[in-house]
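The values are calculated or read from the model by the stated rules, or taken from the named source; none is laboratory data. What you are looking at is a predicted structure, and each value in this text was computed from that prediction instead of being measured. Here the Cβ positions follow ideal geometry from the backbone for every residue, glycine too, while neighbour counts run over all protein chains shown. When the accessible area is computed, the model is the full protein with side chains, heavy atoms only, and any ligands, DNA or RNA have been set aside. Shrake-Rupley method; radii C 1.70, N 1.55, O 1.52, S 1.80 Å.
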Amino acid sequence: MLKELKHDPKKCTQHIMAVHDAMYILNGRWKISIIASLCFNTLRFTDLLREVEGISGKMLSRELKNLEENQLVTRTVLNTQPITVEYQLTEYGHTLKEVIDSLAKWGHNHRKKITGKE
């Protein structure tokens, strides 16, 4: 026989607040795609523009600045001609890789369920 679970409003509220905090940082159309692209490589700004289809340069710049402010991405200016800027996930940013992998798996399974194709 299953043990009846008690509803703990305090734990529920804390859980919902934690989800809210995460969604506040990762909100919008582009941040998760940017993070997913940086999970595998350090990328230059122009490479990210190509990787994240549909994003404008202005929006990419804004999103990268926000991710940098939240300590998820670092920006490195290289002493080249012309100047090159590279972005990479911080150690803290890499903690999102498991989340990204879970989202990718869910997305793959959802596409398969809805379309009947892989």
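Relative to the dominant Cα principal axis of the chain, helix 57-69 is inclined by about 60°.
Couplings for region 83-92, taken from phi via the Karplus curve 6.51 cos²θ - 1.76 cosθ + 1.60 with θ = phi - 60°, read 4, 10, 10, 10, 10, 8, 6, 6, 4, 5 Hz in order; Gly and Pro are left as x.
Computed over region 50-111, the quotient of the alpha carbon radius of gyration and 2.2 N^0.38 Å is 1.37. Exposed loop positions in the chain were taken to be trypsin sites (Lys or Arg not before Pro) whose DSSP state is not H, G, I, E or B and which have at most 13 other beta-carbon atoms within 10 angstrom. Between these positions, the longest stretch is 30-116. Here the contact order of region 36-118, divided by its residue count and restricted to Cα pairs under 8 Å and six or more residues apart, works out to 29 percent. Among the chymotrypsin sites (Phe, Trp or Tyr not before Pro) in region 1-110, those located in a DSSP loop and surrounded by at most 16 other Cβ atoms within 10 Å of their own Cβ are Phe40, Tyr92.
Taking springs between alpha-carbon atoms closer than 10 angstrom, which of Glu98, Glu63, Glu86 fluctuates most in the Gaussian network model of the chain? Highest fluctuation among the options: Glu98. For Met59 and Thr115, a Förster radius of 30 Å and the Cβ-Cβ distance give a FRET efficiency of 0.55, rounded to the nearest 0.05. Backbone N atoms of region 76-109 closer than 15 Å to the 7 Å Cα→Cβ label point of His15 are not found in any residue.
Net length available on complete extension from Asn79 to Asp8 is 20.0 nm, with 0.36 nm assigned per residue and the Cα-Cα distance removed.
Residues whose amide H falls under 5 Å from that of Thr84, counting only those 5 or more places apart or on a different chain, are Leu78, with hydrogens built in the peptide plane.
Checking the cross-link pairs Lys11/Lys105; Lys58/Lys97; Lys10/Lys58; Lys11/Lys97 against a 30 Å limit on the alpha carbon distance flags Lys10/Lys58 as lying beyond it.
Length gained on full extension, Asn41 to Asn70, computed as 0.36 nm times the residue gap minus the Cα-Cα distance: 8.5 nm. Solvent exposure of the chain, expressed per residue, is 81 Å² of accessible area, with all protein chains present and a 1.4 angstrom probe. Counting only alpha carbon atoms, the long axis of helix 9-26 and the longest principal axis of the chain meet at about 20°. When Rg and the Kirkwood Rh are both derived from Cα coordinates, the Rg/Rh ratio for the chain amounts to 1.11.
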